[in-house]
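Colleague: The structure follows.
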Amino acid sequence: MLKFTTLSQKQPSKRKVGDRRQDWDEIYKEFLKPDAKGQSSRCSQCGIPFCQIHCPLHNNIPDWLMLTASGRLREAYDLSSSTNNFPEICGRICPQDRLCEGNCVIDKGFESVTIGAVEKHITDTAFKNGWVKPIKPGVEKSNSVGIIGAGPAGLAAAETLREFGYKVCIYDRYDRAGGLLIYGIPNFKLEKEIVNRRVQLISDSGVSFKLNFEVGRDATLEQLRLKHDAVLIATGAYAGRDLALPGRELPNVINALDYLTASNRKGLGDVVSMFENGALNAENKRVVVIGGGDTAMDCVRTAIRQNAKSVYCLYRRDRTNMPGSMQEVSHAEEEGVNFEWLATPEAFLGEEYLKAVRVAKVHLGVADSSGRQAPRKIPESSSELNADLAICALGFDPEDLPKIFNAPKLKASNWGTIKIDWSKMMTSIDGVFAAGDIVRGASLVVWAIKDGRDAARAIHDYVMSKNYIEAEAS
Ligand code: FAD
Ligand code: SF4
Ligand code: SF4
């Protein structure tokens with residue numbers, strides 16, 4: 001260990017840009033075993049490991065790095081999977097520069113340990129060697145839990161509840177499990193087989209899936225609550241924030257998630273009529289994406305792979321103030337995306353179809369209460385940017401669940417997030433819990449996993465105490 005003084009940081013190599021633009025495969029090559037070993041040995045085994053503190057799951061990073069450096073990969077896998085249900089997914093798509101790696105103490109002066117790449121290497125090796133097995137609970141319980149939503153929060157909760165021996169049924173309105181891991185995040189960041197492999201394992205462990213089942217349409221929350229000993233709401237955040245601008249109603253001004261879902265479905269082999277008729281396809285078009293977060297980066301890079309004629313990203317702040325991961329911005333720049341910093345759309349121009357976006361230049365004014373500088377339009381700075389497709393990627397809010405679920409007692413915040421008692425993960429309705437984006441607002445996969453695990457433990461405590469009280473009373 002402590003090799004950071006003599007060994008430089010090395011990330012797994014990226015595939016050539018020309019190849020990346022032509023296909024949908026992940027852009028990083030695999031870490032070779034000697035590299036994973038060497039890179040792990042750079043860790044200084046800190047007494048207070050800031051990497052671990054800043055990982056939402058508090059993964060035992062220094063110990064699994066030490067085990068990897070010693071070639072003890074099986075033990076490294078056992079350790080890393082004891083705190084994370086899907087380490088191979090987090091290793092691929094966590095914004096490590098803002099979490100574990102961004103807080104690695106050797107980052108100042110020596111560049112961080114490549115924690116995410118090592119985490120992915122450990123779990124990919126475990127899968128290759130057949131070490132990853134479906135959960136087999138020691139004792140089967142008679143109690144059942146219903147989970148609404150098969151995204152990472154719901155899946156992590158389901159797996160953890162199976163470990164405790166519960167019967168678990170996941171209800172999802174989509175035809176495939178995985179939530180945004182399947183229909184939001186593009187294949188070039190997270191290949192779909194990686195998600196499907198996990199869903200299969202969870203299914204093999206005895207969790208049942210009721211797909212194409214929309215709570216609010218096919219059952220009420222109350223009906224599910226009567227059917228199960230506890231219910232977990234893990235429905236994510238799907239209401240795309242919109243732009244109230246002239247021309248927004250034009251048919252070729254679209255929402256990011258509609259666009260990404262169509263692209264992901266196409267990649268999965270579905271026939272997508274809106275893709276085939278060109279409405280949600282960037283091929284041969286001049287594309288303008290509005291937004292500066294990770295969803296905007298996924299849109300611009302998807303458009304590149306669909307052979308768009310040109311791809312522009314408009315963002316009203318500058319590069320250093322982008323909310324998205326810097327790594328994602330660099331990938332997009334390498335792949336040929338043009339960034340218009342300090343620029344904001346004023347109108348979508350065209351009669352029946354969009355022809356151009358009118359764009360104003362912006363400067364950053366004084367910082368507001370959050371510390372961020374507010375963008376201010378520069379008068380008479382407008383110009384027109386020709387466009388055949390505009391994609392709005394401005395973030396997401398939760399849908400109005402109390403209304404959709406016909407559950408007025410379910411308390412929500414002004415932003416639509418479901419209110420919970422964080423010490424119990426329980427909502428305002430007894431026995432109904434919530435986790436993931438529906439509680440936090442649009443967030444990250446690693447936080448969804450953390451919430452799912454916490455909710456599973458809270459549900460276990462709740463059901464056990466109910467069982468105890470009932471046994472005492474009888
Ligand atoms: P979701 O993944 O949204 O899953 C919710 C599930 O609930 C869905 O399957 C949905 O069909 C189901 N559902 C909703 N309503 C109902 C209903 N009424 N009845 C039945 N089922 C219902 N995070 C990262 O960490 N790294 C990234 O690189 C990253 N990239 C992203 C890219 C995009 C384009 C987007 C949109 C998000 C990205 N995120 C990323 C965020 C991440 O995907 C989410 O934070 C995470 O998926 C939230 O998990 P969840 O389980 O709470 O919800
Ligand atoms: Fe880093 Fe994410 Fe892995 Fe935690 S789960 S160690 S934040 S990559
Ligand atoms: Fe190792 Fe960096 Fe974590 Fe310290 S902060 S234990 S050097 S990975």
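The values are calculated or read from the model by the stated rules, or taken from the named source; none is laboratory data. Everything quoted here is computed from the prediction, not taken from an experiment. So basically every Cβ, Gly included, is an ideal-geometry build from the backbone, and we count neighbours across all protein chains shown. Just the protein is used for accessible areas: all its heavy atoms, side chains included, with ligands, DNA and RNA removed. Shrake-Rupley method; radii C 1.70, N 1.55, O 1.52, S 1.80 Å.
Colleague: Listed residues Cys51, Cys90; which is out of contact with any His (no Cβ under 6 Å at 6 or more places or on another chain), within 16 Å of ligand 1 (Cβ to nearest atom), of a type outside the set (Gly, Ala, Ser) and open to solvent by less than 40 Å² (accessible area, probe 1.4 Å)?
Modeller: Just one listed residue meets the conditions, Cys90.
Colleague: If you go through the range 346-361 one residue at a time, do you hit one that is at pLDDT below 95 and either under 15 Å from Cys313 (Cβ atoms) or within 28 Å of the chain's Cα centre (by Cα) (or both)?
Modeller: no
Colleague: May I pose another question? I'm checking my understanding of the structure. Among residues of the range 312-338 that are among the hydrophobic types (A, V, I, L, M, F, W, C) and within 16 Å of ligand 1 (Cβ to nearest atom), which one is most open to solvent (accessible area, probe 1.4 Å)?
Modeller: Met326
Colleague: Cβ-Cβ below 6 Å, separation at least six or inter-chain, first residue in the range 19-46 and open to solvent by less than 40 Å² (accessible area, probe 1.4 Å) and away from ligand 3 (no atom under 14 Å from the Cβ), second in a helix (DSSP H, G or I) and of a type in the set (Lys, Arg): which pairs?
Modeller: Listed pairs, sorted by first residue: Ile27/Arg20.
Colleague: When you check Gly116 against the structure, is it touching a His at 6+ places or on another chain (Cβ under 8 Å), modelled with pLDDT of 95 or more, within 28 Å of Asn196 (Cβ to Cβ) and within 9 Å of ligand 2 (Cβ to nearest atom), yes or no?
Modeller: So Gly116 fails the test.
Colleague: With the requirement that a residue be open to solvent by less than 30 Å² (accessible area, probe 1.4 Å), assigned to a helix (DSSP H, G or I) and within 9 Å of ligand 2 (Cβ to nearest atom), what does the range 72-87 give you?
Modeller: Result: Ser80, Pro87.
Colleague: Looking at Pro137 and the list (1) closer than 15 Å to Phe31 by Cα; (2) more than 20 Å from the chain's Cα centre (by Cα), which single condition is not satisfied?
Modeller: Going through the list (1) closer than 15 Å to Phe31 by Cα; (2) more than 20 Å from the chain's Cα centre (by Cα), Pro137 breaks only (1).
Colleague: Quick check on Cys55: is it more than 12 Å from ligand 2 (Cβ to nearest atom) and among the hydrophobic types (A, V, I, L, M, F, W, C)?
Modeller: Spelling it out, it is not the case that Cys55 is more than 12 Å from ligand 2 (Cβ to nearest atom) and among the hydrophobic types (A, V, I, L, M, F, W, C).
Colleague: Evaluate the range 166-174: report whether one residue or more is surrounded by fewer than 22 Cβ atoms within 10 Å (Cβ to Cβ), without any contact (Cβ under 8 Å) to a residue 40 or more places away in the chain, within 19 Å of the chain's Cα centre (by Cα) and more than 21 Å from Ile135 (Cα to Cα).
Modeller: yes
Colleague: I'd like the full set of residues that are open to solvent by 50 Å² or more (accessible area, probe 1.4 Å) and either within 14 Å of ligand 1 (Cβ to nearest atom) or on the phi > 0 side of the Ramachandran plot (or both), limited to the range 270-293.
Modeller: The one that is open to solvent by 50 Å² or more (accessible area, probe 1.4 Å) and either within 14 Å of ligand 1 (Cβ to nearest atom) or on the phi > 0 side of the Ramachandran plot (or both): Asn284.
Colleague: Regarding Lys141, is this residue under 16 Å from Val195 (Cα atoms) and either outside any helix (DSSP H, G or I) or open to solvent by 10 Å² or more (accessible area, probe 1.4 Å) (or both)?
Modeller: Spelling it out, it is not the case that Lys141 is under 16 Å from Val195 (Cα atoms) and either outside any helix (DSSP H, G or I) or open to solvent by 10 Å² or more (accessible area, probe 1.4 Å) (or both).
Colleague: Same structure, new question: Could you name every one of the strands (runs of 3 or more DSSP E) located completely within the range 369-456 that has at least 1 residues being in contact (Cβ under 8 Å) with a residue 60 or more places away in the chain?
Modeller: 383-386, 389-392, 432-434
Colleague: Also, I was wondering about something else. Mind checking which residues of the range 292-308 are modelled with pLDDT under 95 and either of a type in the set (A, V, I, L, M, F, W, C) or part of a loop (DSSP other than H, G, I, E, B) (or both)?
Modeller: Listed by number, the residues that qualify are Gly292, Gly293.
Colleague: Among the residues of the range 418-439, is any touching a helix residue (DSSP H, G or I) at 6+ places or on another chain (Cβ under 8 Å), open to solvent by less than 70 Å² (accessible area, probe 1.4 Å), within 16 Å of ligand 2 (Cβ to nearest atom) and at pLDDT 95 or above?
Modeller: yes
Colleague: So, in the range 11-57, exactly how many residues are touching a helix residue (DSSP H, G or I) at 6+ places or on another chain (Cβ under 9 Å), in a helix (DSSP H, G or I) and closer than 20 Å to Thr125 by Cβ?
Modeller: Going through the range 11-57 one residue at a time, the tally reaches 7.
Colleague: Might you let me know whether the range 261-269 holds any residue that is modelled with pLDDT of 95 or more, buried (at least 17 other Cβ atoms within 10 Å of the Cβ) and aliphatic (A, V, I, L, M)?
Modeller: Looking through the range 261-269, at least one residue is modelled with pLDDT of 95 or more, buried (at least 17 other Cβ atoms within 10 Å of the Cβ) and aliphatic (A, V, I, L, M).
Colleague: Which residue is surrounded by the fewest Cβ atoms within 10 Å (Cβ to Cβ), if the candidates are limited to the range 97-107 and must be within 11 Å of ligand 3 (Cβ to nearest atom) and over 15 Å from Leu7 (Cα atoms)?
Modeller: Gly102
Colleague: Only one residue in Leu155, Leu180 is aliphatic (A, V, I, L, M), within 28 Å of Gly293 (Cβ to Cβ) and open to solvent by 20 Å² or more (accessible area, probe 1.4 Å), so which one is that?
Modeller: Criteria check complete, one pass: Leu180.
Colleague: Given (1) open to solvent by 50 Å² or more (accessible area, probe 1.4 Å); (2) of a type in the set (A, V, I, L, M, F, W, C); (3) modelled with pLDDT under 95, where does Phe209 come up short, assuming only one miss?
Modeller: It fails just one condition, (3).
Colleague: Here are Ile106, Ile115: which of them is under 30 Å from Met322 (Cβ atoms), among the β-branched types (Val, Ile, Thr) and within 16 Å of ligand 1 (Cβ to nearest atom)?
Modeller: From the options Ile106, Ile115, the qualifying one is Ile115.
Colleague: Report those helices (runs of 4 or more DSSP H) wholly inside the range 166-232 carrying at least 1 residues which are under 22 Å from Lys136 (Cα atoms) and of a type in the set (S, T, N, Q).
Modeller: Those helices (runs of 4 or more DSSP H) span 192-204.
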